[in-house]
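Input: a single structure, listed below in structure tokens.
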Amino acid sequence: MKIAVTGATGSLGGAVLKYLASKGHEVVGLGRNEAKLSQLSEDGFEMINCDILDVNAIENSIIGVDILVHCAAYASPFGSRRKYFETNVQGTKNVFIAAKYRSVKRIIVISSASIFDGGRPDIKHPDDMPHKSMRPKHAYGASKYDSELYCLEQTDIPWIGLRPRAVFGKGDETLIPRLERLISDKRYLTIGKGDALIDITCLGNFLDAVVCAIEANDDALHRFYNISNGDARSFKSIIAAYANRNERQLKHRKIPLFPVLIYSNLITIAASLVPGKTWEPAITNYGLRQITRSLRLDISGAKKYLNWTPRLTFEDGLEELE
């Protein structure tokens, strides 16, 4: 099949591009990072400079495409609210409009478990979206929530949504850099008790899910599916395993949550007041919630309807990083 991947110059989209090509598909990557577009082109991939806020550009980039995997997103823990909604909501609408115009056979929409950011920490969240009263307050989660609402209204084109949680692997530019901030040559940090249960997703498990969504039967259409390793771990065990890989034995240091929370509020306010280009604070309230508040996913829907099961454990994922 001919498959187009939006956001192919990002770490997640780039991994999808390479994986699908390795499976023998004809793949075209859409993205905006000129340096990465050039590098991937040199590596032999067909790449197109395309802004998902430009419907005509998308339409011209997906001529003859059978499957469109929509990975493009603005996923920073700090940034312009307008940019979150333009990229994640309007961008998704544009992808659907273009795909319908070009008669694409199926769209695979990559969402995020951040839609559960305002939900209960004591349950495994099912595939169903939370009630609107639990819509996330952070703009990233809220924009992904609204994007999913839009997708659920689109019944005139085949689509399947995947909702991964904390994907990590080679080339990761999201989770691993933030773990690295908590590690030095001699110690690693946990904030608060470190006992929050966190579902994470090995990159290989996520890529398997993308292939399963492409090949799934029609009874799997028009739904979002939670994707994770299915083995929630405490944050302190995750950071300890990552910090001490390669047989290192770093010391563990705890930092009380409350002063860090005050600091994150102050630095976020300061960053918001800086005119011009925004910069990402070292830590934000949203980022703190990701490591101090439990978030677990029920992945039974993906197992049942996509015929997918996670084959890699967290330990396997660590080995893939080497």
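The values are calculated or read from the model by the stated rules, or taken from the named source; none is laboratory data. In this text the structure is predicted, and so the values were computed from the model without any measurement. Cβ sites come from the backbone with ideal geometry, for glycine too, and all protein chains shown count toward neighbours.
Laid out as a table, the results:
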read-out: The listed residue being of a type in the set (A, V, I, L, M), part of a loop (DSSP other than H, G, I, E, B) and out of contact with any Pro (no Cβ under 6 Å at 6 or more places or on another chain), out of I58, I63; value: I63
read-out: Qualifying residue in the range 79-95 (condition: farther than 18 Å from A142 by Cα and in a helix (DSSP H, G or I)); value: yes
read-out: Cβ-Cβ under 8 Å pairs, at least 6 apart or on other chains, the range 38-57 side among the small types (G, A, S), far side assigned to a loop (DSSP other than H, G, I, E, B) and surrounded by 15 or more Cβ atoms within 10 Å (Cβ to Cβ); value: A57/C50; A57/D51
read-out: Close pairs (7 angstrom Cβ cut-off, 6 or more residues apart or separate chains): without any contact (Cβ under 8 Å) to a residue 40 or more places away in the chain in the range 59-80, of a type outside the set (G, A, S) and not in a helix (DSSP H, G or I) anywhere; value: I63/R102
read-out: Subset tally (residues that are β-branched (V, I, T), outside any loop (DSSP other than H, G, I, E, B) and under 22 Å from I198 (Cβ atoms)) for the range 159-179; value: 2
read-out: So R135, is it more than 22 Å from Y74 (Cβ to Cβ) and either out of contact with any strand residue (DSSP E or B) (no Cβ under 6 Å at 6 or more places or on another chain) or buried (at least 22 other Cβ atoms within 10 Å of the Cβ) (or both); value: no
read-out: Criterion: within 19 Å of A73 (Cβ to Cβ), β-branched (V, I, T) and not in a strand (DSSP E or B) - qualifying residue of I115, I107; value: I115
read-out: Subset of the range 158-193 that is over 13 Å from the mean Cα position of the chain (by Cα) and of a type in the set (D, E, K, R) - its residue that is surrounded by the most Cβ atoms within 10 Å (Cβ to Cβ); value: R178
read-out: Which listed residue is part of a loop (DSSP other than H, G, I, E, B), in contact (Cβ under 8 Å) with a residue 12 or more places away in the chain, of a type in the set (D, E, K, R) and under 22 Å from L53 (Cα atoms), from D146, D127, D156; value: D156
read-out: Top-ranked residue in the range 234-255 [being modelled with pLDDT under 95 and part of a strand (DSSP E or B); ranked as surrounded by the fewest Cβ atoms within 10 Å (Cβ to Cβ)]; value: K251
